[in-house]
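So the structure is just underneath, and the comments pick up after that.
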Number of protein chains: 2
Amino acid sequence: MLSYWNNYPTIQKKLQTVCLQIEEQLTVRNKEIQNTLIEFSQAGGKYLRPALFLLFAELAPHSKKDEKQLIQIAASIELLHMATLIHDDIIDDSPVRRGNISVQAHYGKDIAVYTGDLLFTEFFDLIIKAMNGSKFLEINAQAMKRLLLGELDQMHTRYKKNETIEDYLQSINGKTAELFWLACVEGAHFGGTDHATEKLAGQIGHDIGIAFQVNDDILDYTADSNQLNKPILEDLSQGVYTLPLLFAKQEAPEAFRPYLEKKETISYEDAKQVAELVIIYQGVEKAKQFALEYTKRALSTIEQLPDSQGKQTIYQLTKEMLHRTY
Amino acid sequence: MLSYWNNYPTIQKKLQTVCLQIEEQLTVRNKEIQNTLIEFSQAGGKYLRPALFLLFAELAPHSKKDEKQLIQIAASIELLHMATLIHDDIIDDSPVRRGNISVQAHYGKDIAVYTGDLLFTEFFDLIIKAMNGSKFLEINAQAMKRLLLGELDQMHTRYKKNETIEDYLQSINGKTAELFWLACVEGAHFGGTDHATEKLAGQIGHDIGIAFQVNDDILDYTADSNQLNKPILEDLSQGVYTLPLLFAKQEAPEAFRPYLEKKETISYEDAKQVAELVIIYQGVEKAKQFALEYTKRALSTIEQLPDSQGKQTIYQLTKEMLHRTY
C-alpha cells in the first residue's frame, strides 16, 4: 500500500528501497515461507513507522548522512512491527492480515511462532549490521522489551472487570507508542539532529502512537469489517477492553456488567449490544476527544521542531494520519 | 539441577552466578510471569551450554578476562536456549518441561508466545550490554537465525515420507548444534584464546551438539517417561522422524509404510509398534554408533587444544555427557 504515499513522492521512493531491503533480508531455505514473508511485507502495510523514521532523519538537511544505514534501520523497524503482527495473529486467531490470509491461518500456529521469531532475528541482525557499537542498539533491545511487556500487560488484563484507563494506557504505551517513539527518536538521531530535537522527536512519536492506537481501538466499535479488512468487535469478544468501552463503563457500570460477566462465552449478538451501549454512553465520543488531544499535542510539538521541509511534511502527515474517518 | 556439577566445584560456583544474572535480567511487571520464568531458569536445567562457554573461556589462563562480561554472555546463551524451549513446547503441546508444568500448559499458548519473545529480547539485551561493538554481536544474530531455520526445517519435514538423513542432519545442525557451536566458539574468543583455538572450539561445539541431539532422539525410543520427565514417542507421534527411525526405515521401508501413512492419526499403540520395529531393524543401534562417532571426533579435537586445566575438564565432561544411559 505504498500508494498511500502518492502525495509524498520523495518518501514513497525511499520506502520502495526499504521494501527491497526487507526482501533482501528475508532469505529462508524454505521458499514457501520466504515467499509468504515477502508477500506479507509488500501487501497492505503503509510502512508508517519507517516513513516517520525517514522523515525525522530529514530534519537536519545539512548533516552528513549514511543513506544505506538509514534504509537498513527503516527496514529493521518494519521487520520488528511485522514480527509482532504475526505473533499477535496467533493470539487473536486472526484469519486475515493486511487483506490477505494471515500466516497463522495459512500455515498453522506452529509455523507462525517460528516465523515471527525469525523476523525478530532479522530485526536484530539488521540493526546490528547498521549500528554496531551505537548506544541505540541497547535502546532498540529495551524498546522491544517494553513492547512485549505491553503485550503481556494486555493479556493480563483480559476479561478484567476492574481494568482502569491507566491499565489501558500502560498497555498501549508499550505495545504501540513504543515503536512510534523509537522510529522518531532514532530517525532524528541517525539523521544527525541535535539532542534537543531528538527529545522532541521522541515526544512526538509517543503522542502519535497513543492517538494512533486509540483511533484503531475506536474502529473496532464503528467500522464495518469490509472497510477494515478485519473482523469487527474482535477485541471485545476476546476480553480486550479498550478506551471507548472503559469510558462508557465509567458512565454506566451496571449496564455493562451482565454482558462482561459472560467473559469468553459472550456471543456476537451480545457484543453488538455492548457496542451500542458504548456509543450511547459516549464512549466513542470521549475516546475520539482523547485521541484528538494527543494529536493536538503532537502537532504543537512538531511546531517546535527546527524549520525544514521535513518538518512541514511531518506536520501534514500527522494531521492526515490521525484525522481518520471512523 | 546444578547438582549435576557437584564434581566440578569451580564451574558450579560460576554457574550459580550465571543463575543470579538471569534472575536479575528477568524483571517483568507481571510478577506471576516473572516468578514462572525465574523458576523455569532454576528448575532442572543443567546449564550445559553456559558451562561449555565458561570452560572454553578458561583455555587461555593467562589472558586478561572481564569476568562480569563472561557471566553476562553465559547467561545470554541460557536465555536463548530457554526462549526456544518455551516456543518448542507450544509447538509440541508439551505439558511438562524440566519436570515442571510447561509455560504453555500453565498460562496458555498465548502467554507462552510473548514469554518466549521476551526471553529472546533479554538475550539480545544482555549480549548488547556485554559486547556492543564486537563482531560477535553479528555472529549471535546469525546463530539465532540458523537456529530458527533449523526449527522451520523440522516443521517442514514433518510426516514427510521421504525425509532423508541429510534433511535430519540439516535440521539438528540448526536447532541444536548451532547453539553448542556458539557457546564454545564464543567462550574461546572472550576467554582470550588465539584464532586457531577459536576454530577448534567451534568444531568441538558442533560435534558435541550433533552427538547430544542424536542421543536425545534415541531416548525418545528407549527411555521411559518417568526417567526423562517427558512423554515418550512424542517426536514420532508428531511426525518428527529422527535418526533411529530413518536408519531403520532404510533397512525395511515396507515394514514402516502402513504406520507412517497414518500421519497425524497414528495411535499410541501404533507408535509403540513402530518403536519396536525401530529397535528390530537396528535403528537405535546405528544411531548410537553415529552419535559415538561424533563424540569420538569431538574428543580427538579436544586433544588438540592447548594444554590447560580447562582442556582436561572439557574432555572429561564431554565423555560423561555423551556416554549416556539409554
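The values are calculated or read from the model by the stated rules, or taken from the named source; none is laboratory data. These numbers come from a predicted model, not from an experiment. Glycine also receives a Cβ, built like all others from the backbone with ideal geometry; neighbour counts cover every protein chain displayed. Note: accessible area is taken over every heavy atom of the protein model, side chains too, but ligands, DNA and RNA are not part of it. Shrake-Rupley method; radii C 1.70, N 1.55, O 1.52, S 1.80 Å.
In this simple spin-label approximation, B:Glu285 and B:Asn100 carry label points 7 Å from Cα along the Cα→Cβ vector, and these lie 4.2 nm apart.
Per-residue ellipticity at 222 nm, computed for chain B from helices alone with -39500 (n - 2.57) per DSSP H run of at least four residues, works out to -23500 deg cm²/dmol. Rolling a 1.4 Å probe over the heavy atoms of the protein chains gives segment A:230-290 an accessible area of 48 Å² per residue. Mean per-residue shielding of peptide B:128-140 is 4, counting Cβ atoms of other chains within 10 Å of each Cβ. In angstrom, the C-alpha Rg and Dmax of the protein assembly as shown are 26.3, 80. Taking only alpha carbon atoms, segment B:114-220 gives an Rg to Rh ratio of 1.02, where Rh is the Kirkwood radius. If only the Cβ of Lys and Arg carry +1 and only the Cβ of Asp and Glu carry -1, the dipole of segment A:246-286 around its Cα centre is close to 100 debye.
Burial of accessible area (probe 1.4 Å, heavy atoms of protein chains only) in segment A:110-127, relative to its chain alone, reaches at least 30 Å² for A:Asp110, A:Ile111, A:Val113, A:Tyr114, A:Asp117, A:Leu118, A:Thr121, A:Phe124, A:Asp125.
Put the Cα centre of segment A:297-315 next to the Cα centre of segment A:26-91 and the gap is 24 Å. Round to a whole angstrom and tell me the spacing of the C-alpha centers of segment B:185-206 and segment A:99-140. Each part reduced to its Cα centre gives a spacing of 28 Å.
Ligands, DNA and RNA are left out, and with a 1.4 angstrom probe the accessible area of segment B:84-175 is 32 Å² per residue. Backbone amide hydrogens, once placed in the peptide plane, bring B:Val240 within less than 5 Å of B:Tyr159, excluding anything fewer than 5 places away on its chain. Rounded to the nearest 20, the size of the Cβ-charge dipole of segment B:139-296 about its Cα centre is 180 debye, with Lys and Arg at +1 and Asp and Glu at -1. Using the Kirkwood radius over C-alpha pairs as Rh, can you work out the diffusion coefficient of segment B:159-258 via Stokes-Einstein at 20 °C, viscosity 1.002 mPa s, in µm² per second? The calculation lands on 141 µm²/s. Chain A residue nearest the axis that carries A onto B, by Cβ, with distance in whole Å, is A:Gly133, 2.
Legend: mean number of C-beta atoms from other chains within 10 angstrom of residue C-beta atoms, peptide A:151-163, equals 3.
Rolling a 1.4 angstrom probe over the protein assembly as shown with all protein chains present gives an accessible area of which 48% lies on carbon and sulfur atoms.
Computed with a 1.4 angstrom probe on protein heavy atoms, the A-B interface buries about 4100 square angstrom of accessible area in total. For peptide A:25-34, the mean count of partner chain Cβ atoms within 10 Å of a residue's Cβ comes to 2.
With its label point defined 7 Å out from Cα along the Cα-to-Cβ axis, B:Glu276 lies at 6.5 nm from the matching points of the other copies, in increasing order.
Taking amide H as placed 1.01 Å from N in the peptide plane, the amide H of B:Val96 sits under 5 Å from that of B:Ser102, each at least 5 places away or on another chain.
By the Cα gyration tensor, segment A:1-53 has an equivalent ellipsoid whose semi-axes, rounded to whole angstrom, run 23, 11, 8 from largest to smallest. Packing-based ranking of B:108-114, A:266-272, A:180-186 yields A:180-186, B:108-114, A:266-272, ordered from highest to lowest mean Cβ neighbour count within 10 Å.
Here the convex hull built on the C-alpha positions of segment B:1-132 has a volume of 100 cubic angstrom per residue. Applied to segment A:236-249, the Karplus parametrisation 6.51 cos²θ - 1.76 cosθ + 1.60 on θ = phi - 60° returns per-residue 3J(HN,Hα) values of 4, 4, 9, x, 8, 9, 9, 3, x, 5, 5, 5, 5, 5 Hz, with x for Gly and Pro. Two decimals is fine: what is log10 I(q)/I(0) at q = 0.29 Å⁻¹ for segment B:51-92, from a Debye sum with one equal scatterer on every Cα and no solvent? Treating every Cα as an identical point scatterer, log10 I(q)/I(0) equals -0.97.
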